[in-house]
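Everything on this sheet refers to the single structure shown next.
The values are calculated or read from the model by the stated rules, or taken from the named source; none is laboratory data. A quick note: this is a predicted structure, and the numbers were derived from the prediction, not measured. Virtual Cβ from ideal backbone geometry, glycine too; neighbours counted across all protein chains shown. For accessibility, only protein heavy atoms count, side chains too; no ligands or nucleic acids. Shrake-Rupley method; radii C 1.70, N 1.55, O 1.52, S 1.80 Å.
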Amino acid sequence: MWVTIIADASFCPDTGKAGYGFWIASQRGKMGGDGVLKGIVENNIAAEIMALLNALHAARKSELVLQNDSVLLQTDCQPAIDALRRQRQSITEQEMNLVAHYESFCEEHSLHIRLKHVKGHSDKEDARYVVNNICDRKARRNMRQARDEYKDQQIREFLNDQSGTKL
């Protein structure tokens, strides 16, 4: 069975924080999701790969993707697609680890993956563009939340260091 997944990420280069949003559709059902990426993300490409992986994990967990399914993964980040295809020339260690996880996950679940680029920030009315824009808004909202929480924590730590009192 074919399952379509569209995912997008939003990355803050100043803090290394990122958010994501995704949409999954198949004959078994549909599901959307979003969240904040844990830890520090190195760059936007790693964030986009993480968004796709989170969506793939959610699809498997919810049984929208089953063993031996064919999955169309769509993202607006061509360098992330190139990394997952092992066609990216300069790749960071974090990206390499994510690609290895992706390959292991796909092999473990016998998934047949097709990667496709979808133009981001488009005003086209085709379903994939509309969904990508929705995922983009969710990703941006989650990134801003993660960035704000990170900055608040840094301020608290600074004030604690200055005053010697725990806030």
task = Enter the accessible area per residue of the chain (Å², integer; probe 1.4 Å; all protein chains in place).
result = 55
query = Of all the accessible heavy-atom surface of segment 1-87, with the other protein chains kept in place and a 1.4 Å probe, what percent is carbon and sulfur?
reply = 47
task = Taking amide H positions as placed in the peptide plane 1.01 Å from N, state which residues far from CYS77 in sequence (5 or more) or on other chains have amide H under 5 Å from it.
result = VAL118
ask   = ³J(HN,Hα) across segment 102-109 via Karplus (A = 6.51, B = -1.76, C = 1.60, θ = phi - 60°), whole Hz, x for Gly/Pro?
value = 4, 4, 5, 4, 5, 5, 4, 9
HN-Hα J in Hz across segment 7-22 - Karplus 6.51, -1.76, 1.60, θ = phi - 60°, x for Gly and Pro = 9, 9, 10, 10, 10, 9, x, 6, 10, x, 9, 8, x, 8, x, 8
ask   = Across segment 142-151, in residue order, what do the Karplus-derived ³J(HN,Hα) couplings come to in whole Hz, using 6.51 cos²θ - 1.76 cosθ + 1.60 with θ = phi - 60° and x for Gly and Pro?
value = 5, 5, 4, 4, 5, 4, 5, 5, 5, 5
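Loop sites only, by DSSP: take the GluC sites (Glu not before Pro) in the chain that have at most 11 other C-beta atoms within 10 Å and name the longest stretch containing none of them. Each step should come with its number before you reach the end.
Numbers: sites that count: GLU63, GLU125.
Maximal segment without exposed cleavage sites: 1-62.
Multiply the residue gap between GLU157 and SER90 by 0.36 nm, knock off their C-alpha separation, and tell me the result in nm, one decimal place. Present the calculation step by step, with values, prior to reporting the outcome.
Working: separation 67, 0.36 × 67 = 24.12 nm, distance 3.55 nm.
Answer, rounded to one decimal: 20.6 nm.
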key: Label-point separation, ASP14 to ARG28 (7 Å along Cα→Cβ), nm   = 4.2
task = Quick one: work out the % antiparallel among DSSP beta bridges in the chain, nearest 5.
result = 60
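For the pairs LYS30/LYS138; LYS38/LYS116; LYS38/LYS151; LYS17/LYS61; LYS38/LYS119, flag any whose C-alpha to C-alpha distance is greater than 19 Å. Kindly include the intermediate steps, with their values, before the conclusion.
Details: LYS30/LYS138 17 Å; LYS38/LYS116 25 Å; LYS38/LYS151 15 Å; LYS17/LYS61 25 Å; LYS38/LYS119 26 Å.
Over 19 Å Cα-Cα: LYS38/LYS116; LYS17/LYS61; LYS38/LYS119.
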